[in-house]
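A short reminder: the numbers here are calculations on the coordinates, not readings from a lab. Bear in mind the structure is a predicted one, so any value in this text is a computation, not a measurement. Because the Cβ atoms are built from the backbone with ideal geometry, glycine has one as well, and the counts that use them run over all protein chains shown.
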Amino acid sequence: MMRAAGTLVLCGAFLVGASSPATAAAPPPKVQLKIVDSVKGGPTKTVWLHCAPIGGTHPSARAACRLLQQVKGDPRQLNVAPNASCTQEVKPHAVVVVGRWFGKRVHWAKVFSNGCVMRAATGAVTAL
């Protein structure tokens, strides 16, 4: 009799647990951007930047999201350090940013003469 009562309690516990609503999956981030930096004769780096909420694989996601927020998600408008002193070294960086910024399609590509010029223009966005 005790064994039957214990079995009933255990089954009831499973039924209560099974009937609870499943946890809803978190909604996708409102900003999802793929950022690629390809150096001529060197490595190609690719990261994902998520904003709202901040995340992805970007090493400086918070700073990058903040910069892009200032220009409403338009990388063409970035000019982080306009008076930077960069050398004339020629080591081209091809940068591509594609994805969505709060529902708006983003597709931007630019070739910079070197990493210093790229960082002066884009700051943390391309700090991969």
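A few remarks follow.
- Only lysines eight or more places from Lys104 in sequence, or on another chain, were considered; those with a Cα closer than 27 Å are Lys30, Lys34, Lys45, Lys72.
- Pairwise label distance in nanometres, Gln88 with His107, each label 7 Å out on the Cα-Cβ vector: 3.7 nm
- Förster radius 22 Å - calculated FRET efficiency between Thr57 and Val96 (Cβ-Cβ, nearest 0.05): 0.90
- Fraction in percent of alpha-carbon pairs per bin - 5 Å, the range 52-128: 3, 16, 25, 27, 16, 8, 3, 1
- Label-point gap, in nm, between Ala25 and Gln77 - each point 7 angstrom along Cα→Cβ: 3.2 nm
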